[in-house]
Amino acid sequence: MYLETIYVLSKKSNYIRSIDVCEEMGYSKPSVSRAVGLLKEGGYLKVGDDGSLILTDLGREIAEKTYERHTVLSKLFVKLGVNPETAAADACKMEHIISDETFAALKNHLENHMQ
C-alpha cells in the first residue's frame, strides 16, 4: 500500500515527503518512517538529500501493477452495482492477493464485455 500511495502522490507532485504519505494514508509518522526504512532496505525506495521519497525502478514497477489492479477491480465492482466506496475498499484488499491469471481474466472481461 505504501508503494501505491507514493506512486499516486508522485502523479500529483514531484516532491513527496513522509508527512504526505502520513496524511494520505492516515498513519502516524513513526509507522510511515518504519515502512520507509523497510522499503529502502528492500530496494523499493530511495530518500533524496532533501528528504523526498523516490521510487526505484523495482518500486515503481510494483506500485504501477498494484495501482492498475486497484483501478480495474474498483471499476469492475462499480459496474456490477457496488457503491464506489465499498468497491474501492474491496479492491484495496484484493489487489495484493489476486493471481496474475485471475486479474488478467477479469481485466479482459471488463474491457470486452462491460463497456
Estimated inter-spin distance, residue 34 and residue 78, nm [label 7 Å along Cα→Cβ]: 3.4 nm
Cα gyration tensor, segment 2-55 - rounded (a/c under 1.5), prolate or oblate: rounded
Expected-Rg normalisation [2.2 N^0.38 Å, Cα atoms] applied to the chain: 1.16
Under the Karplus curve 6.51 cos²θ - 1.76 cosθ + 1.60, θ = phi - 60°, whole-Hz ³J(HN,Hα) for segment 71-84, x wherever Gly or Pro sits: 5, 5, 5, 4, 4, 4, 5, 4, 5, 7, x, 7, 5, x
Shape category assigned to segment 65-113 from the gyration tensor of Cα positions, a/c cut at 1.5: oblate
Whichever lysines have a C-alpha closer than 26 Å to that of residue 79, once near sequence neighbours (fewer than 8 apart) are set aside: 11, 65, 93, 107
Relative contact order %, the chain, counting alpha carbon pairs below 8 Å whose residues are six or more apart: 21 percent
Burial order of peptide ranges 60-70, 25-35 (average beta-carbon count within 10 Å, highest first): 60-70, 25-35
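FYI, it's all coordinate maths here, none of it is from the lab. Because the structure is predicted, anything quoted here is derived from the model rather than measured. Cβ coordinates were reconstructed from backbone atoms using ideal geometry, including for glycine residues, and neighbour counts include every protein chain displayed.
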